[in-house]
Amino acid sequence: MVVFKLTYFDVRGRAEPIRYLFALAGVEYEDKRLTSEEWKKLKPNTPFGGLPILEVDGKVLGQTQAICRHVAYMHGFFPENAWDRAQADAICEKQLEFMVAIQRAKFESDPAKKETMAKKLKEEDSKTHLTQLQNALKQNNGGKGWFIGNKISLADVQVFFVLHDQYPAFLGDAVGVVNYLDGFDLLKGFVVRFKAEPKVAEWLKKRPVNSF
């Protein structure tokens with residue numbers, strides 16, 4: 001039996017898509033959540049000086065996207081053919097771009113610049129992102145299922161995390177409040193569909209409550 005240990009902070013953040021993958025796979029793992037003091041001690045011993053890290057039978061893997069892909073590969077959440085894998089990668093990379101934009105606006109230290117960045121993200125960038133994302137979803141089964149093929153993949157996990165967790169937190173809404181998706185019915189349906197998956201619903205009920 002493979003032993004997994006995921007190390008991150010006591011927030012959803014970059015580790016949450018990995019936690020969703022483990023939940024969907026029904027795989028047990030240690031969900032280690034560090035304090036700032038614990039992180040200071042651990043940081044010099046991490047592969048690239050950042051979190052999350054994943055230990056697999058004692059071997060340590062760094063970098064969020066590498067961990068996501070590894071867990072997805074191991075548990076059947078990555079498409080089987082090369083083209084579909086590339087399409088899934090494209091969706092994941094698009095989510096990463098939007099996540100970076102959210103983080104930059106959220107953690108900008110200059111108040112005036114922060115306000116300008118937030119306004120642009122809410123009024124322009126998010127609309128462009130959601131339109132492109134809905135168009136991508138529509139290409140597969142008319143947008144009534146998943147982004148790639150007929151079963152959940154890493155692409156779906158990444159999209160759900162952004163739409164359900166990260167962007168609502170940036171807007172100041174409760175997790176899962178997706179009123180900003182009014183007018184994007186296919187994406188709203190996707191969030192409802194993914195959230196209703198039994199193992200996802202179970203994880204959402206028991207996971208720690210965090211602000212982001």
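The values are calculated or read from the model by the stated rules, or taken from the named source; none is laboratory data. Just so it is clear, the structure is predicted and the values come from calculations on it, not from any experiment. So basically every Cβ, Gly included, is an ideal-geometry build from the backbone, and we count neighbours across all protein chains shown.
Observations on the structure shown:
- On the stretch given as segment 16-39, residues that are among the hydrophobic types (A, V, I, L, M, F, W, C) and either out of contact with any Lys or Arg (no Cβ under 9 Å at 6 or more places or on another chain) or more than 13 Å from residue 157 (Cβ to Cβ) (or both) total 6.
- Residue 78 being surrounded by 13 or more Cβ atoms within 10 Å (Cβ to Cβ), of a type outside the set (A, V, I, L, M) and modelled with pLDDT under 95: yes
- Test: residue in segment 187-200 that is without any contact (Cβ under 8 Å) to a residue 12 or more places away in the chain and either of a type in the set (Ser, Thr, Tyr) or in a loop (DSSP other than H, G, I, E, B) (or both): yes
- If you filter segment 176-186 down to residues that are part of a loop (DSSP other than H, G, I, E, B) and more than 18 Å from residue 137 (Cα to Cα), you find that the one that is modelled with the highest pLDDT is 177.
- For segment 55-75, taking the residues that are charged (D, E, K, R) and free of Cβ contacts under 8 Å to residues at least 60 places away in the same chain, the one that is surrounded by the fewest Cβ atoms within 10 Å (Cβ to Cβ) is identified as 59.
- Check on residue 190, hydrophobic (A, V, I, L, M, F, W, C) and at pLDDT below 95: no
- Only residues that are within 17 Å of residue 166 (Cα to Cα) and of a type in the set (S, T, N, Q) were counted in segment 76-126, giving 3.
- Just one of the numbered conditions (1) modelled with pLDDT under 95; (2) part of a helix (DSSP H, G or I); (3) more than 24 Å from residue 67 (Cβ to Cβ); (4) not aromatic (Phe, Trp, Tyr) is not true of residue 126: (1).
- Within segment 133-155, the residues that satisfy the criterion of being assigned to a helix (DSSP H, G or I) and either farther than 15 Å from residue 21 by Cβ or modelled with pLDDT under 95 (or both) are 133, 134, 135, 136, 137, 138, 141, 142, 143.
- Scanning segment 32-45 for residues that are within 19 Å of the chain's Cα centre (by Cα) and either modelled with pLDDT of 95 or more or of a type in the set (A, V, I, L, M, F, W, C) (or both) turns up at least one hit.
- Reported count of residues in segment 120-149, each being surrounded by 13 or more Cβ atoms within 10 Å (Cβ to Cβ), within 18 Å of residue 105 (Cβ to Cβ) and of a type in the set (S, T, N, Q), is 1.
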